[in-house]
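Beneath this line is the structure, given in structure tokens, with notes to follow.
The values are calculated or read from the model by the stated rules, or taken from the named source; none is laboratory data. Remember, predicted model here, so these are calculated numbers, not experimental data. Note that we place each Cβ from the backbone using ideal geometry, even for glycine, and neighbour counts take in every protein chain shown.
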Amino acid sequence: MIPPYRDSGQAFPIYITVVAGLLFLALAYLAVGQAAVNRSGAQTAADAAALAAAQKTRDQLAGLLASLWVDDVRDPSKWQAVFTGEGADDFCWRADQLAAQNDATAQCAFDPPLSYVVDARTNKSVGGSVVPGTENVHSTAHATAVIEPLCRVTPPGEGAEDDTLPQLDCGDEVWHPKPDDKTGLPRPEDLFDVHLADSRANDR
């Protein structure tokens with residue numbers, strides 16, 4: 001007598017194959033997620049580092065302008081020099097600090113007069129996964145931060161009285177210097193805008 005045909009015996013290997021395939025896909029997606037998180041960390045480090053260095057330069061330039069406000073208020077050419085970045089120092093050390101706080105290292109370059117370029121690399125690798133070699137892969141990211149002047153110096157017009165002082169035209173607000181009143185000084189963010197001009201990440 002011929003034994004009855006049993007589908008369950010043939011279906012079981014197929015079931016095992018399907019489950020194994022789904023498990024592999026799940027692990028592959030996990031590896032992709034790990035890489036995405038690592039890239040995000042690298043980008044955060046690069047962006048924060050570049051912006052921190054640029055903000056330090058912005059604050060320094062605002063301080064220089066504050067000094068001119070009091071000591072050399074009648075020379076608008078010196079004011080304008082501040083807005084072109086003259087006298088700005090390299091604050092890449094600040095970029096290094098912010099990268100370290102985000103568990104990364106940074107290669108920073110001050111690009112005079114008013115920008116910073118940072119390449120960051122995560123200290124941690126993507127980590128082990130079903131994708132070969134990920135345990136040795138570190139995410140990297142690139143960022144460029146720029147310091148944009150928001151004001152222009154307006155010297156006294158022709159026929160102005162001798163004691164007429166230059167003024168700062170910052171678009172929505174015009175600042176009239178009063179050398180004897182330091183409380184009326186514009187803030188650094190009133191004088192300069194700091195923002196990212198470039199931001200991108202990858203793995204290697």
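For Gln80, the test of being buried (at least 17 other Cβ atoms within 10 Å of the Cβ), polar (S, T, N, Q) and over 11 Å from the mean Cα position of the chain (by Cα) is failed. Only residues that are over 33 Å from the mean Cα position of the chain (by Cα) and without any contact (Cβ under 8 Å) to a residue 12 or more places away in the chain were counted in segment 164-175, giving 1. Does Ala99 fit the bill of being assigned to a helix (DSSP H, G or I), touching a Leu at 6+ places or on another chain (Cβ under 9 Å) and either under 22 Å from Val137 (Cα atoms) or among the hydrophobic types (A, V, I, L, M, F, W, C) (or both)? No.
Taking the criterion of being touching a helix residue (DSSP H, G or I) at 6+ places or on another chain (Cβ under 9 Å) and farther than 15 Å from Val117 by Cβ, the only residue of segment 41-55 that qualifies is Gln55.
For a quick check of your reading of the model, give me the residue pairs whose first member lies in segment 110-137 and is under 21 Å from Ser40 (Cα atoms) and assigned to a strand (DSSP E or B), whose second is modelled with pLDDT under 60 and of a type outside the set (Gly, Ala, Ser), with beta-carbon atoms closer than 8 Å and at least 6 apart or on different chains. Between residues of segment 110-137 that are under 21 Å from Ser40 (Cα atoms) and assigned to a strand (DSSP E or B) and residues that are modelled with pLDDT under 60 and of a type outside the set (Gly, Ala, Ser), the close pairs are Ser125/Thr134. The residues of segment 139-179 that are basic (Lys, Arg) and either surrounded by fewer than 12 Cβ atoms within 10 Å (Cβ to Cβ) or at pLDDT below 75 (or both) amount to a single one, Lys178.
In segment 27-62, the residue that is surrounded by the most Cβ atoms within 10 Å (Cβ to Cβ) out of those that are touching a strand residue (DSSP E or B) at 6+ places or on another chain (Cβ under 7 Å) and at pLDDT below 85 is Ala42.
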